[in-house]
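Asks: I'd like to ask some things about the structure below.
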């Protein structure tokens, strides 16, 4: 039995007389024990979907189940089986680290000692600060405490809504290492993120934009579907170069990416020569042109353009 099944979920919000379509018939399923990533920018519908799956929001239409239980009819059973870490830090800031953890353990009729092995690797980093108020922790420590509280009752499915937003790079790396250790304990993990580089850390990902799933596959599978030569180009006059490339009728797409512009042509023939001609015509300086392998963000941009 697949632990998460989503079938044509639709969710709209009404702001005065305007209808905002948050989810437009989203469907997917998650396999037991995998890390499944929901990847997309702010406003893509990730949080709305997570709130529906964790029984905090009723969808307008469609069905969904978690661990075989319907999210509407069986919400009590689901709440006892899942762990949920919302995007915003929502623990009790006036309680200490220890008090927060004891409180959540008590809610689920368990104790810290009973499931200590599950959170041991994470909690050992928090233990020196166990008497500190949660509101006084750093971003990375808050993240670890929230994860401990979501795990203390040994859930079968763990929902993490943008858990690494606003956290430093070292803490992000540590967090993902913790998730891969949790996976070994047969916990199914759904994680949403706006960081495209985190897609490669998932077993499978769903790329989502404006309430629609663009693609579902392994990270390597999504990249393999790109199917066109991709070029990186840079020069000293980057803004002027961007305008020149985007106005060329033979260019399919061009967008800034770090120190380079990533370029795809409509036809593959003589792509490098075409870029060199654009650079020569503009008299750009310190020009560098090279072919590159696409990443998840390149694939996301291409899928968005196809919509």
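Asks: Would you mind listing how long the stretch 1-143 runs along its three principal axes, going by Cα atoms, in whole Å with the largest first?
Replies: 48, 38, 25
Asks: Please arrange 76, 152 by counting, for each residue, the other beta carbons lying within 10 Å of its beta carbon, fewest first.
Replies: Working: 76 10, 152 27.
The fewest-first ordering by Cβ neighbours comes to 76, 152.
Asks: What is the order of 16, 236, 144, fewest Cβ neighbours within 10 Å to most?
Replies: Going from sparsest to densest Cβ surroundings: 16, 236, 144.
Asks: With a/c under 1.5 counting as rounded, go ahead and sort the stretch 79-120 into rounded, prolate or oblate using the C-alpha gyration tensor (a ≥ b ≥ c being the square roots of the eigenvalues; past the cut-off, prolate if a/b is larger than b/c, else oblate).
Replies: Oblate.
Asks: A follow-up question, please. What number, rounded to the nearest 500 deg cm²/dmol, is the helix-based mean residue ellipticity at 222 nm of the chain, given -39500 (n - 2.57) per DSSP H run of at least four residues and division by all its residues? Spell out each step's value before the answer.
Replies: Working: 10 runs with 102 residues, N = 307.
Mean residue ellipticity, 222 nm, calculated: -10000 deg cm²/dmol.
Asks: Can you give the angle from 0 to 90° between the axis of helix 271-281 and the longest principal axis of the chain, with both taken from C-alpha atoms, to the nearest 10?
Replies: 70
Asks: Which angle between 0 and 90 degrees, to the nearest 10, do you get for helix 139-151 versus the longest principal axis of the chain when only C-alpha atoms count?
Replies: Once rounded, one gets 50 degrees.
Asks: Let me ask something else about it. Counting residues in the chain as N, plug N into 2.2 N^0.38 Å and put the Cα Rg over that result.
Replies: Details: Rg = 22.6 Å, N = 307, 2.2 N^0.38 = 19.4 Å.
Working it through for the chain, the quotient is 1.17.
Asks: Take every Cα-Cα pair in the stretch 214-279 and report what % of them are more than 20 Å apart.
Replies: Cα-Cα pairs of the stretch 214-279 separated by over 20 Å account for 33 percent.
Asks: On C-alpha positions alone, give me the angle between the axis of helix 169-183 and the longest principal axis of the chain, in degrees, nearest 10.
Replies: Around 60 degrees separate the two axes.
Asks: Let me ask you something else. Whole angstrom only: what separates the Cα centroid of the stretch 230-293 from the Cα centroid of the stretch 1-77?
Replies: 40
Asks: Moving to a separate point now. When only alpha-carbon atoms are used, what values of Rg and Dmax, in angstrom, describe the stretch 106-199?
Replies: Reported Rg and Dmax, both Å: 13.2, 38.
Asks: Test of understanding: ordering 285, 193 by Cβ neighbours within 10 Å, fewest first, what list do you get?
Replies: Numbers: 285 9, 193 24.
Fewest-to-most Cβ neighbours within 10 Å comes out as 285, 193.
Asks: Taking every pair of alpha-carbon atoms in the stretch 148-220, give the share separated by more than 20 Å as a whole percent.
Replies: 33
Asks: Could you grab the relative contact order for the chain? Cα pairs under 8 Å, six or more apart, rounded to a whole percent.
Replies: Numbers: 558 pairs, mean separation 60.3, N = 307.
It rounds to 20 percent for the chain.
No lab work stands behind these numbers, since they all come straight from the coordinates. Here the structure is a predicted model, which means the values were calculated and not measured. Note that each Cβ is placed from the backbone with ideal geometry, even for glycine, and that neighbours are counted across all protein chains shown.
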